[in-house]
Structure formats: C-alpha cells, structure tokens
Amino acid sequence: MLRPLGALWITAVLLCMAGAQYSSDQCSWRGSGLSHESHRRDVEQVYLRCSQGSLEWLYPTGAIIINLRPNTEPPSGHVAGLHVCIKPHPLSQGSHVFLENNGDLRMLLAEKDQAQGTVTCFSLAEGALFVESVPQADISRRITAFQYELVPSQGPGAHMYPYLHPGLVTCKPCSGEEVLMAVCTSDFAGSGIFRGVGSKNRSPAAVTLSRLFRQKSRVFARGGARKRGWGGRINVPSQCIGHPGGDEYLLTGSVHFGEAWLGCAPRYKDFLRLYIRAQRAGTNPCEIDTNGEISSG
C-alpha cells in the first residue's frame, strides 16, 4: 500500500483540524494553497454533494481531502453501485491524486500522468480523494484541476462505458426491459444511422439522427444529412458499430465530460415491435409521441 508524504500525519491532522473548507455551490471548489503556505503540512476538507462538478487548486501546498456524495441520498446499500470518475485538465500539475480509505492511500494519478487527460474511475464506497501537493521550491503557475462525475455502474448500457469496466467492455445486447428503460432515462435517445466509423479502438462514430427524443448537453446539433435531422458523434467500441449507412438503430446512451457514449442500441424496427407490445400491455415506463418527444408515463 502506498504511503506518500502525507500518509504518516493525515490521521493526526484530521483529528486536530478545527475548520473545514466547504464549496460555495456544493458542486465545484476553487481554492489556493497560498492561504496556508506557512503551514505546508495542513490538510483541508472539501465536501461536495453533486452529481458532477470541478476542482481548481491554485498553488498547491499541503493536501486536501475531497468528500463526494450524490445530491440525493441513495437507498441503503446502493452507494456501492456509484462510481466516481475524474478527468484531469491537460495542464494540471503540482500534486498527486490518491484514494484514501481509513488512512491507507492508493495512487490514482501521479502528477506526470495528468497531462494525458485520461478518465479514471473508482467506487464511491472505496473512500475519498486525497490530493497531495508535490514539494517544490517554486509553486508559481501550478494548478491542479479536474472534473468529476458520479456514475452508476449498473443500468442500461453501463457495460459499454470502458472506464468503469477496463478491459471488460462487451457488445452484448440489452434486454427488452433495459431497452424500454434506456429510451426513458438515458442522457440521449433517438433513432438514426452510423455515417462513419473511426479507425481507432474507441474513436467517435459519426451519426445522423432522424428522430431525437431527448438529449443532455446538446451533444447533437440540427443540420444532419441534407440539412435534416441531427448530427453528432458517439463513442462506441469499434467492434460494436453497425455498418455505415446500414440499418436504422435506436441510439441511447450517456454523456460523460461532454461526450456521448453508446448504451443500448437495438435496430429501430426491433425496438418499435418491443415498444408496441409493451404499450398494449400497459408496461411502458414512459410514452413517446409521434413528433419524437418523450414524456413520463
């Protein structure tokens, strides 16, 4: 188990610390190490209760512990199903990022790794983030910065997000129940075709949507093929993409750090048959109207 500079004194500091540093909006925090530069071994507590946000630590000195929780308390036992994903800014430097649990520290991101901007995820039940400054004579122009998200590890299409399950991404189809739930609860849902496939393992695929039931963060823009529909890109493992210009698919998925990731994606004609059967049985979790809009059912 890794024990960096702060590991030997973290417990004593936490017990003696009188004040805590709180975020003003409960989602993001911005602070400066200059506030306690004369006490370079200080540890500050940061409490964030939001599904996503960011952190900016200017002139890092000492260390900060970031306690993350959802803005609504999950049912008992469901915290283990939530993961925290962090994405460092490419210019982030000046500190190492660890996972802290009962005084034990595990390295998540070394200072030299943050420039790559790679997403790293861990279970919320594993502990808090411990961000420790790297000792240096000159702290000028040093900023540690990253975005974070709380991501459910289960649910429709969660198996397709590679950072939750490294090396275990599969193209297994969603069940009928998962598909119906995905069209109602995903960050985006629509129908369309793949127009282009990237050459890399997880390159974004270009898509054109003829229908858009819902979307988050405007990842799809009007003006697709022939100025109709919506155009955009979806991250999807190359082995899971249909042939460009082929069948029309129901495209659902999640948005992480401003990028769309594919979740459940059956052929649209198969989805329609499934949806009509559920509609007749009265088991649809929501209703879709013919104009491509969605409403709670």
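At 7 Å along the Cα-to-beta-carbon direction for both Ala281 and Leu34, put a label point, then send me their distance in nm to one decimal.
My value for the distance between the label points is 6.4 nm.
Report the full-extension gain for the segment Asp113 to Arg267: residue separation times 0.36 nm, less the Cα-Cα distance, to one decimal in nm. Could the numbers behind the result be given before it?
Details: separation 154, 0.36 × 154 = 55.44 nm, distance 3.98 nm.
Extra length available between Asp113 and Arg267 comes to 51.5 nm.
Can you tell me the length gained on complete extension of the stretch Ala125 to Asn101, counting 0.36 nm per residue apart and subtracting the Cα distance?
Working: separation 24, 0.36 × 24 = 8.64 nm, distance 0.93 nm.
Fully extending the segment from Ala125 to Asn101 adds 7.7 nm.
In whole angstrom, how far apart do the alpha carbon centroids of the range 54-68 and the range 101-171 sit?
Each part's Cα centre sits 14 Å from the other's.
Just add up the charged neighbours of Thr185: K/R +1, D/E -1, any other residue whose Cβ is under 15 Å from the Cβ of Thr185.
Working: positive: Arg214, Lys216; negative: Glu177, Glu178, Asp187, Glu287.
Surrounding charge for Thr185 is -2.
No lab work stands behind these numbers, since they all come straight from the coordinates. On a predicted model such as this, the values are computed, not experimentally measured, just so you know. Cβ: placed from backbone, ideal geometry, glycine included. Neighbour counts: every protein chain shown.
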